[in-house]
Amino acid sequence: MSRNISTGITAGLISGIFLGLFFKVIESITRIKVYTLLLNVDYIPILNSYRFPEIVEFLFHLIISVLLAVILFHLIEKFQWTGKQIIFRSVSISIIIGLLLYPTTALSDRTPEMTSAAAIIFWLSGHLLYGGMLAAFLRKKGPYS
C-alpha cells in the first residue's frame, strides 16, 4: 500500500472518528441533531430509499473522511505544502465542506432546522476541529512540514 493511502486511511479514520464522537456528545447534551446530520444520507438518490443502521451510516462518513484525507495527503506531497499551508488548507477545506453540507439539513426531517444558529455553530466548530486534527496528523507525516 502506498504511503499516501496508508497515511490517508489512518488520518481519515482518526479524524473522522473524532468528528463523529464530537457530534455525538454535542447531540446527546444539547439534543441538537448535528450527529444525525453528519450521518444523514436522505439527500442522496437511491440511498435515501433505505434506512441504514447507525453503524452503516457512520461507515459511510468514515469512507468520505478517508477519501478526503488521502486526497489531501496526495496534494501535500504533490505541491510540497509547508506546515502552515497544510494547516490553513486542511481547515479551510473542512470548513468549506461543512458549509456545503449544512444546507442538506433542509432535505430531511431528521436533522436540525436550517436556521438553527446553535446547529450551524456546532456544525462548523466540529469541522474546524476536524480540519485541525487532520492537518496535525498529515503535517506530522508529510515530507514538507
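The single residue among LEU62, LEU75 that is in a helix (DSSP H, G or I), of a type outside the set (Ser, Thr, Tyr) and within 16 Å of the chain's Cα centre (by Cα) turns out to be LEU62. Any residue at all in the stretch 129-141 that's outside any helix (DSSP H, G or I), surrounded by fewer than 17 Cβ atoms within 10 Å (Cβ to Cβ) and touching a residue at least 40 places away in the same chain (Cβ under 8 Å)? No: zero hits. LEU39 satisfies every condition listed in (1) within 18 Å of LEU101 (Cβ to Cβ); (2) surrounded by fewer than 20 Cβ atoms within 10 Å (Cβ to Cβ) except (2). As a summary of the residue check, TYR35 satisfies the conditions (1) more than 17 Å from ALA135 (Cα to Cα); (2) at pLDDT below 95 except for the one numbered (2).
Do you know which residues across the stretch 42-53 are surrounded by 12 or more Cβ atoms within 10 Å (Cβ to Cβ) and either free of Cβ contacts under 8 Å to residues at least 40 places away in the same chain or of a type in the set (Ser, Thr, Tyr) (or both)? Correct list: TYR43, ILE44, LEU47, ASN48, PHE52.
Residues that are over 16 Å from LEU13 (Cβ atoms) and either surrounded by 14 or more Cβ atoms within 10 Å (Cβ to Cβ) or touching a His at 6+ places or on another chain (Cβ under 7 Å) (or both) within the stretch 58-81 comprise HIS74, LEU75, ILE76, GLU77, TRP81, listed in sequence order. Among the residues of the stretch 11-43, just one is part of a helix (DSSP H, G or I), touching a Lys or Arg at 6+ places or on another chain (Cβ under 8 Å) and among the polar types (S, T, N, Q), namely THR36.
Within the stretch 78-87, the set of residues being in a loop (DSSP other than H, G, I, E, B) and not hydroxyl-bearing (Ser, Thr, Tyr) comprises GLN80, TRP81. Can you find a residue that is of a type outside the set (D, E, K, R), in contact with a Ser or Thr (Cβ under 9 Å, 6 or more places away or on another chain) and closer than 17 Å to TYR130 by Cβ anywhere in the stretch 45-64? There is no residue in the stretch 45-64 that is of a type outside the set (D, E, K, R), in contact with a Ser or Thr (Cβ under 9 Å, 6 or more places away or on another chain) and closer than 17 Å to TYR130 by Cβ. For the stretch 88-128, the set of residues classified as loosely packed, with under 15 Cβ neighbours inside 10 Å, among the aliphatic types (A, V, I, L, M) and in a helix (DSSP H, G or I) consists of ILE96, LEU99, LEU100, ALA106, LEU107, ALA117, ALA118, ILE121, listed by residue number.
The values are calculated or read from the model by the stated rules, or taken from the named source; none is laboratory data. Please read all numbers here as calculations on a predicted model, not as lab measurements. Note that each Cβ is placed from the backbone with ideal geometry, even for glycine, and that neighbours are counted across all protein chains shown.
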